[in-house]
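Novice: Pasting a structure below so you can have a look.
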Amino acid sequence: DTEVTQTPKHLVMGMTNKKSLKCEQHMGHRAMYWYKQKAKKPPELMFVYSYEKLSINESVPSRFSPECPNSSLLNLHLHALQPEDSALYLCASSPDSSSGNTIYFGEGSWLTVV
Amino acid sequence: AQSVTQLGSHVSVSEGALVLLRCNYSSSVPPYLFWYVQYPNQGLQLLLKYTSAATLVKGINGFEAEFKKSETSFHLTKPSAHMSDAAEYFCAVSPSGFQKLVFGTGTRLLVSP
């Protein structure tokens with residue numbers, strides 16, 4: 001089972017709302033990722049968790065707050081977002097954070113900020 | 001910093017024709033290289049990856065890629081295009097030391113009947 005599950009698939013939120021994106025994998029992977037993909041652009045790394053600890057934050061604004069409650073779950077908490085934050089948010093996982101591991105992506109959550 | 005360059009934002013082929021999508025990497029040491037495909041409104045799916053075990057890498061859906069160190073290339077090919085191959089294709093590199101995918105700008109493959 002090589003599956004990363006993301007919910008919700010679509011989310012519309014106002015600039016004052018607080019919402020969360022959720023991600024789950026049951027492959028026993030110990031590294032999990034959040035990527036952001038704008039329309040017609042490649043995915044860009046936001047955060048990396050390795051063994052439930054945040055190991056990379058690519059200078060992401062604090063209105064995005066990641067959380068890794070356990071080895072299977074990854075959340076992205078959203079607060080006071082801007083319209084330019086509208087994008088596809090992709091969760092991914094890999095066996096560990098060593099270079100060369102295959103990274104498995106979810107279907108993504110489409111976020112629209114109004 | 002390690003990066004990849006994809007030549008051609010769009011490639012158009014006829015069904016049954018050869019598919020060639022180009023990717024060049026910049027690295028002083030052989031990196032880990034990947035090709036991912038993204039169908040409309042979906043996430044990314046791994047097609048194949050190079051990890052130095054073999055220079056010719058076979059992937060899913062009939063795709064393959066050849067690592068050429070002398071040309072710093074990792075082009076993706078498929079002998080015969082199918083309509084279902086129409087998608088966005090991303091070449092990516094994983095810099096040594098840590099798992100972080102750096103993607104190229106992508107190539108949209110258009111397949112006409």
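The values are calculated or read from the model by the stated rules, or taken from the named source; none is laboratory data. This one's a predicted model, so the numbers in the text were calculated from it and none came from an experiment. Positions of Cβ are generated from backbone atoms using ideal geometry, with glycine treated the same way; all protein chains shown enter the neighbour counts. When the accessible area is computed, the model is the full protein with side chains, heavy atoms only, and any ligands, DNA or RNA have been set aside. Shrake-Rupley method; radii C 1.70, N 1.55, O 1.52, S 1.80 Å.
Novice: Considering only residues of the stretch A:63-99 that are over 12 Å from the mean Cα position of the chain (by Cα) and open to solvent by less than 10 Å² (accessible area, probe 1.4 Å), which is nearest to A:MET32 (Cα to Cα)?
Specialist: It comes out as A:SER94.
Novice: Hey, can you tell me all the residues within the stretch B:1-39 that are outside any strand (DSSP E or B), in contact with a strand residue (DSSP E or B) (Cβ under 9 Å, 6 or more places away or on another chain) and within 17 Å of B:VAL102 (Cβ to Cβ)?
Specialist: B:ALA1, B:GLN2, B:SER27, B:PRO30, B:PRO31 - these are the residues of the stretch B:1-39 that are outside any strand (DSSP E or B), in contact with a strand residue (DSSP E or B) (Cβ under 9 Å, 6 or more places away or on another chain) and within 17 Å of B:VAL102 (Cβ to Cβ).
Novice: Which members of the stretch A:100-114 meet the condition of being more than 14 Å from chain B (Cβ to nearest Cβ) and either surrounded by fewer than 17 Cβ atoms within 10 Å (Cβ to Cβ) or under 23 Å from B:THR51 (Cα atoms) (or both)? I'd like the intermediate steps shown before the answer.
Specialist: In the first step, residues of the stretch A:100-114 are kept if they are more than 14 Å from chain B (Cβ to nearest Cβ); the result is A:113-114.
A:VAL114 - this is the single residue of the stretch A:100-114 that is more than 14 Å from chain B (Cβ to nearest Cβ) and either surrounded by fewer than 17 Cβ atoms within 10 Å (Cβ to Cβ) or under 23 Å from B:THR51 (Cα atoms) (or both).
Novice: Still on this structure: When you scan the stretch B:1-51, how many residues do you find that are buried (at least 20 other Cβ atoms within 10 Å of the Cβ) and free of Cβ contacts under 8 Å to residues at least 12 places away in the same chain?
Specialist: Adding up the residues that qualify gives 1.
Novice: Evaluate the following for A:GLU52: is it away from chain B (no Cβ under 12 Å) and under 13 Å from the mean Cα position of the chain (by Cα)?
Specialist: Judged against the criteria, A:GLU52 is not a match.
Novice: Determine which single condition A:SER59 fails, assuming it passes every other condition in (1) of a type outside the set (A, V, I, L, M, F, W, C); (2) open to solvent by less than 60 Å² (accessible area, probe 1.4 Å); (3) more than 18 Å from A:VAL4 (Cβ to Cβ); (4) within 14 Å of chain B (Cβ to nearest Cβ).
Specialist: With (1) of a type outside the set (A, V, I, L, M, F, W, C); (2) open to solvent by less than 60 Å² (accessible area, probe 1.4 Å); (3) more than 18 Å from A:VAL4 (Cβ to Cβ); (4) within 14 Å of chain B (Cβ to nearest Cβ) applied to A:SER59, the lone miss is (2).
Novice: Does B:GLN42 satisfy being touching a strand residue (DSSP E or B) at 6+ places or on another chain (Cβ under 7 Å) and polar (S, T, N, Q)?
Specialist: Answer is no for this residue.
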